[in-house]
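The values are calculated or read from the model by the stated rules, or taken from the named source; none is laboratory data. The structure presented is a predicted model; accordingly, all values stated were derived computationally and were not measured. Here the Cβ positions follow ideal geometry from the backbone for every residue, glycine too, while neighbour counts run over all protein chains shown. The accessibility values were calculated without ligands, DNA or RNA, using every heavy atom of the protein model including side chains. Shrake-Rupley method; radii C 1.70, N 1.55, O 1.52, S 1.80 Å.
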Amino acid sequence: MAAEDGSGGTGGTLVYALIGKRTDVLAEHMEPSTNIQVSTVARVLLQRISDEDQRKTYAYDDKYLFHCIVEGGICFFVLSRDDCSVTLVNKFLDDVKREFNRQYTRDEQQNAHAFQFNMEFGRVLKERMQFFNTDSNADRDDKILGVQRKVDDTQVSHTPDS
């Protein structure tokens, strides 16, 4: 569950995750204490992000950051508190992307309709968020993904107005 105590710890720093393509949300998970408006903002961003492979970060509401990876036209989003480790965010996104690509073929991904994977993969998003929010070694243990990204790999932009 997302911590709202402002303690700055790593617990509860990932609060919302979404996988989508173009305008379709394929799967998502939101921690119970997260503001529902977050999913609306994520959908606006999803529509505005190009299908080109990229990594981006968008500032949201002075306390949160939307991070995304686009690969092969599929967008992997996570919303984190602004005090969340960039390493943790990148490891989460890479982990989710790898698992999504393991479970679904490129053809299944490209031909999927809105929320097609939500029942199955929404649970995966929830489990992975819980792991990355509660495991104290998640942002330090390079064995999880085998790589560690540099902070300067991420470009921060402001969220567009709806």
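Remarks
- Residue match in region 44-59 (condition: touching a residue at least 40 places away in the same chain (Cβ under 8 Å), within 21 Å of PHE117 (Cα to Cα) and aliphatic (A, V, I, L, M)): yes
- Pick from region 1-21, criterion open to solvent by less than 20 Å² (accessible area, probe 1.4 Å) and β-branched (Val, Ile, Thr), ranking: modelled with the lowest pLDDT: THR13
- Condition broken by CYS75, with the remaining ones in (1) at pLDDT 95 or above; (2) assigned to a helix (DSSP H, G or I); (3) open to solvent by less than 40 Å² (accessible area, probe 1.4 Å); (4) not small (Gly, Ala, Ser) satisfied: (2)
- In region 22-62, residue nearest to LEU93 (Cα to Cα) [restricted to those that are open to solvent by less than 80 Å² (accessible area, probe 1.4 Å) and basic (Lys, Arg)]: ARG55
- Residues that are under 11 Å from PHE132 (Cβ atoms) and outside any helix (DSSP H, G or I), drawn from region 85-110: SER85
- Region 87-119, residues that are open to solvent by 40 Å² or more (accessible area, probe 1.4 Å) and more than 16 Å from LYS21 (Cβ to Cβ): ARG98, GLU99, ARG102, MET119
- Whichever residue in region 120-158 is assigned to a helix (DSSP H, G or I), of a type in the set (D, E, K, R) and at pLDDT below 50 and, among such residues, is surrounded by the fewest Cβ atoms within 10 Å (Cβ to Cβ): ASP152
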